[in-house]
2 protein chains.
Amino acid sequence: MDKTDVLIIGGSAAGLMAANTLKKRYPEKKVTVVRNVKKTPVPCGIPYIYGILKDVAKDIIPDEGFLNAGIEILSKHVEKVDRAGKTVTLNDGSSIGYEKLILGTGSKPFVPPMPGINLKNVFTVKKDPEYLDELYVALQKVKNVVVIGGGFIGVEMAEQIAKMSGAVCQDYFCTAEQSGATINVSLIEMLPHCLMLACEEEFGIVAENELKKMGINVMVENQVKSIDDDGTGKVSSVTMTNGTKLSADLVIIGIGAVPNIDLAESVGLSANPRGGFDVDEYLQTQDPDVYAAGDCAAKFSFFTGKPSGIRLASVACTEGMIAASNLYNEKSRKTMGALGAFATKVGERSIGAAGLTTKAAADEKIEVVIGEAVAPNRHPGALPGCIPTMKAKLLFRKDNGVIVGGHICGSEAAADMANVIAVAIQSKLTAEDMATMQYATHPLLTSSPLSYHVMLAAENAAAQLAK
Amino acid sequence: MDKTDVLIIGGSAAGLMAANTLKKRYPEKKVTVVRNVKKTPVPCGIPYIYGILKDVAKDIIPDEGFLNAGIEILSKHVEKVDRAGKTVTLNDGSSIGYEKLILGTGSKPFVPPMPGINLKNVFTVKKDPEYLDELYVALQKVKNVVVIGGGFIGVEMAEQIAKMSGAVCQDYFCTAEQSGATINVSLIEMLPHCLMLACEEEFGIVAENELKKMGINVMVENQVKSIDDDGTGKVSSVTMTNGTKLSADLVIIGIGAVPNIDLAESVGLSANPRGGFDVDEYLQTQDPDVYAAGDCAAKFSFFTGKPSGIRLASVACTEGMIAASNLYNEKSRKTMGALGAFATKVGERSIGAAGLTTKAAADEKIEVVIGEAVAPNRHPGALPGCIPTMKAKLLFRKDNGVIVGGHICGSEAAADMANVIAVAIQSKLTAEDMATMQYATHPLLTSSPLSYHVMLAAENAAAQLAK
């Protein structure tokens with residue numbers, strides 16, 4: 001039987017980050033990653049396989065860096081975990097003994113119990129290159145695609161499929177034909193607007209408008225009742241709850257993910273089908289030698305301490321790092337809870353978000369003061385690349401002025417500006433703190449220092465809080 | 001005699017920010033800005049007048065927003081300040097009474113006592129549109145330009161003049177002719193490398209390489225002894241301290257700025273020719289009704305409390321906001337001291353910096369641990385716009401792990417990533433804090449969450465600090 005020091009089940013964000021962290025901290029330890037795919041796709045890159053990369057092989061996390069660091073990677077399925085014997089059995093019958101175990105089994109697409117869900121050409125978004133390639137091949141031959149779910153994955157898939165079929169962003173809402181697309185893409189969202197779980201409603205609308213400028217049929221406040229059979233076991237249409245039918249040669253389900261706890265019974269650790277493996281704030285399970293990290297591990301909210309459904313590669317990476325650090329140095333690092341720091345680009349607009357939305361704050365009965373700032377992202381505005389109405393919206397607690405959320409929409413800088421806000425939230429800064437800090441600016445790269453969005457929005461909130 | 005509530009002398013960053021802040025906090029107060037230029041140029045935008053904007057009028061801060069907010073703007077010179085009578089006399093003989101006064105007179109280019117400094121076609125970089133237009137006209141007729149000073153202003157001016165004359169960034173070092181430029185631009189820097197006061201030496205070298213790819217003759221560790229007369233009072237060459245001569249039809253001096261304290265005697269407040277008007281941490285002068293903010297106000301270092309020569313529009317804006325807030329609500333806000341948060345773009349690389357450089361930390365005998373991270377700024381790296389070797393370098397105090405500096409070089413995201421670091425510095429975060437925070441990432445906008453530069457560099461430092 002092979003032996004390793006640390007066995008990591010799962011070769012995506014949490015697992016790879018854990019492996020890297022271990023090798024940095026404890027180069028003498030043997031670290032083995034077992035993954036159930038031949039290659040690890042870049043999970044967040046999946047939509048871009050279709051429109052930009054046009055090749056699944058280009059969306060792979062290269063193994064080289066990990067192998068060079070001395071990490072062993074096995075592309076096999078784990079069949080059984082024997083915690084008493086500290087041994088894992090793989091699908092080829094081999095087994096590996098371990099000293100410490102990290103569960104990083106990730107998540108699986110949520111598949112709703114909907115009529116027609118198993119028809120041919122109904123896809124989910126699985127982190128499996130072979131499956132993703134099947135989708136790519138299938139997309140070459142279709143005319144009408146329906147994407148169900150207007151969260152990040154649905155919005156990005158819809159945009160990239162339109163792009164793949166030739167859509168060019170127009171400066172007006174258009175049909176697929178007018179956008180140059182050969183595929184009619186429809187995007188169906190149950191909520192009033194897309195991206196609403198992570199973003200401000202107004203920025204969800206911006207994303208929708210970008211999609212509409214690419215000829216995508218965005219249908220919000222709509223729900224699918226069934227996916228319909230063409231008589232040969234293949235999808236032909238979807239039927240909405242209001243009775244209307246949409247032609248569909250291919251359907252993509254992108255309505256979220258659930259933790260992959262397939263091993264729960266075998267490993268004999270408590271797990272919740274919606275939350276994942278139970279862990280403490282050090283990411284330790286009930287077994288002191290077993291940790292769980294990433295999408296498969298239960299999470300709590302940074303803001304409320306309540307269970308959180310936020311599953312993101314960025315959270316997974318942080319958790320991988322925390323779990324790895326604690327293996328041989330117990331309780332050295334703990335999680336602050338899931339914050340939710342996101343970014344996306346839809347058409348010609350990027351959106352960044354960190355922490356609570358206005359709606360989420362209201363749902364949690366957290367009273368907030370909102371500071372807004374609209375300013376060009378260049379100074380002077382005559383410089384190329386200028387988006388005159390780039391906007392920031394920051395949410396501060398009314399009782400103590402501490403920031404609980406921030407949202408930016410405009411240029412590609414939205415992602416790193418979301419990180420300025422993410423750091424502020426995790427540092428529990430107040431509007432006053434953020435208003436009077438110094439920020440780097442440059443004509444070609446940011447707004448004017450008179451109106452750096454984060455500062456100005458914070459000052460606007462500080463002025464309200466001072467009243 | 002006219003009367004106002006708040007008179008602000010100076011209509012650039014500090015003055016305009018102070019005016020805006022006052023109108024937001026105290027809409028009932030009359031706020032008057034007096035400036036000695038007809039229009040306020042965007043100060044940091046000045047280099048881009050030449051290469052990109054090709055028109056001084058495009059680099060103007062529009063008055064509209066300020067006028068619409070009810071701020072009065074007068075384009076006049078202040079001749080006299082009578083603090084006892086709370087009155088200011090202007091160059092047209094009129095006078096204005098005030099309740100509170102803010103000095104925001106800015107800075108002036110430092111003009112070295114060098115032979116030939118007053119020759120025709122020797123320019124500094126003044127924040128005066130008419131003067132800047134003269135420079136623009138003069139540049140149309142020259143063949144050889146020498147820029148003295150390899151700090152931000154010198155580097156940016158050299159780059160933009162090359163660009164203005166047709167230079168296109170090559171993928172190798174080249175002559176002006178090979179770059180397509182009609183003007184030979186030389187850049188002279190005394191220190192071993194450009195940008196060394198703000199940036200890591202290695203990133204100064206990146207900037208130099210970008211300039212060399214545009215055909216610019218970069219001469220580091222060089223000093224000018226004299227600017228030489230062609231016999232008609234016009235510059236013909238510069239002579240270096242090592243005796244060599246460089247042909248020059250036009251010379252630009254960009255070796256820093258000194259506070260503009262021309263009014264010091266008249267206003268009767270203590271001021272230092274190098275530091276500026278003396279102020280406390282609330283930016284109040286000795287006169288409780290007079291504040292000073294921005295380049296004309298003395299500064300101390302965020303890190304050491306010692307006098308600081310950092311003069312930046314971003315610092316000026318923060319100070320304008322602080323001074324304005326304190327006018328009618330004494331000591332409500334204080335400055336943390338000048339941090340130094342910068343960004344620039346040179347050729348195809350952007351550089352961001354916040355806080356101390358390795359050299360500055362060593363000069364202050366602050367022992368640091370350096371965490372570095374090199375990673376693509378896209379994930380997967382096959383995505384367009386990928387810079388595979390974007391690099392972050394973070395400096396943490398060895399004694400307590402607190403961050404004191406951060407430097408980024410690569411894509412345009414460097415500016416906002418410098419702000420992630422700037423916020424971390426001002427929040428006194430440790431390497432441990434920064435390594436385990438959650439950051440937003442996206443394939444099209446940032447590195448992978450496995451290698452978000454700020455997080456990864458912090459983790460690398462944390463691992464060193466844990467030893």
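Specify the residue that is nearest to residue B:452 (Cα to Cα); the eligible residues are those in region B:395-423 that are aliphatic (A, V, I, L, M) and free of Cβ contacts under 8 Å to residues at least 40 places away in the same chain.
By that ranking, first place goes to B:420.
Have a look at A:233, A:215 and point out the one that is in the same structural domain as residue A:134 (by TED's automatic domain parsing), touching a residue at least 60 places away in the same chain (Cβ under 8 Å) and among the small types (Gly, Ala, Ser).
The conditions single out A:233.
Just to be sure I understand the filter: pairs with C-beta atoms under 8 Å, separated by 6 or more residues or on different chains, first member in region A:441-458 and in the same structural domain as residue A:381 (by TED's automatic domain parsing), second member basic (Lys, Arg) and outside any loop (DSSP other than H, G, I, E, B). Which pairs pass?
Within 8 Å, the pairs are A:442/B:345; A:444/B:345; A:445/B:345; A:453/A:391; A:457/A:393.
What's the number of the only condition in (1) hydrophobic (A, V, I, L, M, F, W, C); (2) outside any helix (DSSP H, G or I); (3) in contact with a strand residue (DSSP E or B) (Cβ under 7 Å, 6 or more places away or on another chain) that residue B:203 fails to meet?
The one condition residue B:203 does not meet is (2).
Quickly run through region A:283-301 and pick out the residues that are within 14 Å of residue A:101 (Cα to Cα) and part of a loop (DSSP other than H, G, I, E, B).
Within region A:283-301, A:283, A:285, A:286, A:287, A:288, A:289, A:293 qualify.
Just checking: which of the strands (runs of 3 or more DSSP E) contained wholly in region A:222-275 hold 2 or more residues that are β-branched (Val, Ile, Thr) and at pLDDT 95 or above?
So the answer is A:224-229, A:235-240, A:250-253.
When both residues are 6+ apart or on different chains and their Cβ atoms are under 9 Å apart, which pairs have a first residue that lies in region B:81-105 and is over 20 Å from residue B:319 (Cβ atoms), and a second that is in a loop (DSSP other than H, G, I, E, B) and of a type in the set (A, V, I, L, M, F, W, C)?
If the second residue must be in a loop (DSSP other than H, G, I, E, B) and of a type in the set (A, V, I, L, M, F, W, C), the pairs left are B:83/B:269; B:87/B:1; B:94/B:1; B:95/B:1; B:96/B:1; B:97/B:1.
Hey, residue B:95 hits all of (1) out of contact with any helix residue (DSSP H, G or I) (no Cβ under 8 Å at 6 or more places or on another chain); (2) hydroxyl-bearing (Ser, Thr, Tyr); (3) under 21 Å from residue A:378 (Cα atoms) but one; which does it fall short on?
Looking at each condition in turn, residue B:95 falls short on (3).
Let's see how each residue does on (1) in a helix (DSSP H, G or I); (2) among the basic types (Lys, Arg); (3) modelled with pLDDT of 95 or more; (4) surrounded by fewer than 24 Cβ atoms within 10 Å (Cβ to Cβ):
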{"site": "A:303", "(1), (2), (3), (4)": "no, no, yes, yes"}
{"site": "A:326", "(1), (2), (3), (4)": "yes, no, yes, yes"}
{"site": "A:351", "(1), (2), (3), (4)": "no, no, yes, no"}
{"site": "A:359", "(1), (2), (3), (4)": "yes, yes, yes, yes"}
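Could you please find all residues in region B:181-200 being closer than 17 Å to residue B:248 by Cβ and either outside the structural domain of residue B:139 (by TED's automatic domain parsing) or in a loop (DSSP other than H, G, I, E, B) (or both)?
If the condition is that a residue be closer than 17 Å to residue B:248 by Cβ and either outside the structural domain of residue B:139 (by TED's automatic domain parsing) or in a loop (DSSP other than H, G, I, E, B) (or both), then B:181, B:182, B:183, B:189 are the ones that fit.
Take region A:330-377 and flag every residue that is of a type outside the set (Val, Ile, Thr) and out of contact with any strand residue (DSSP E or B) (no Cβ under 9 Å at 6 or more places or on another chain).
Correct list: A:332, A:333, A:334, A:336, A:347, A:348, A:359, A:363, A:365.
Output the residues belonging to region B:427-437 that are under 28 Å from the mean Cα position of the chain (by Cα) and more than 7 Å from chain A (Cβ to nearest Cβ).
Scanning region B:427-437 gives B:428, B:430, B:431, B:434.
Output the helices (runs of 4 or more DSSP H) that fall wholly within region A:67-180 and possess 1 or more residues being within 30 Å of residue A:292 (Cβ to Cβ), in the same structural domain as residue A:191 (by TED's automatic domain parsing) and under 22 Å from the mean Cα position of the chain (by Cα), or say none.
A:129-139, A:152-164
Going by what's in this entry, would residue A:373 be described as more than 21 Å from the chain's Cα centre (by Cα), outside any loop (DSSP other than H, G, I, E, B), surrounded by fewer than 24 Cβ atoms within 10 Å (Cβ to Cβ) and modelled with pLDDT of 95 or more?
In short, yes.
Of all residues in region A:42-52 being within 8 Å of chain B (Cβ to nearest Cβ) and farther than 16 Å from residue A:167 by Cβ, which is surrounded by the most Cβ atoms within 10 Å (Cβ to Cβ)?
A:42
Restricting the search to region A:6-35, which residues are assigned to a loop (DSSP other than H, G, I, E, B) and either surrounded by 24 or more Cβ atoms within 10 Å (Cβ to Cβ) or not assigned by TED's automatic domain parsing to the domain that holds residue A:320 (or both)?
A:10, A:11, A:12
Just the residues that are facing chain A (nearest Cβ under 7 Å) and part of a helix (DSSP H, G or I), please, taken from region B:408-418.
B:415, B:416, B:417, B:418
Considering each of A:406, A:410, A:385, A:381 in turn, give the residue that is under 15 Å from residue A:460 (Cβ atoms) and either under 26 Å from the mean Cα position of the chain (by Cα) or assigned by TED's automatic domain parsing to the domain that holds residue A:446 (or both).
A:406
Okay, residues lined up against (1) buried (at least 24 other Cβ atoms within 10 Å of the Cβ); (2) part of a loop (DSSP other than H, G, I, E, B); (3) modelled with pLDDT of 95 or more:
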{"position": "B:420", "(1), (2), (3)": "yes, no, yes"}
{"position": "B:425", "(1), (2), (3)": "yes, no, yes"}
{"position": "B:428", "(1), (2), (3)": "no, yes, yes"}
{"position": "B:432", "(1), (2), (3)": "no, no, yes"}
{"position": "B:438", "(1), (2), (3)": "yes, yes, yes"}
{"position": "B:441", "(1), (2), (3)": "yes, yes, yes"}
{"position": "B:447", "(1), (2), (3)": "yes, yes, yes"}
{"position": "B:455", "(1), (2), (3)": "yes, no, yes"}
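Out of B:463, B:458, B:424, B:440, report the one residue that is touching a helix residue (DSSP H, G or I) at 6+ places or on another chain (Cβ under 8 Å), of a type in the set (Gly, Ala, Ser) and more than 7 Å from every other protein chain (Cβ to nearest Cβ).
B:458
Conditions (1) over 30 Å from residue A:161 (Cβ atoms); (2) more than 8 Å from chain B (Cβ to nearest Cβ); (3) not hydroxyl-bearing (Ser, Thr, Tyr), marked per residue:
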| position | (1), (2), (3) |
| --- | --- |
| A:327 | yes, yes, yes |
| A:334 | yes, yes, yes |
| A:344 | no, no, no |
| A:349 | no, yes, yes |
| A:374 | yes, yes, yes |
| A:379 | yes, no, yes |
| A:382 | yes, no, yes |
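The values are calculated or read from the model by the stated rules, or taken from the named source; none is laboratory data. As the structure is a computational prediction, the values presented were derived from the model and not from experiment. Positions of Cβ are generated from backbone atoms using ideal geometry, with glycine treated the same way; all protein chains shown enter the neighbour counts.
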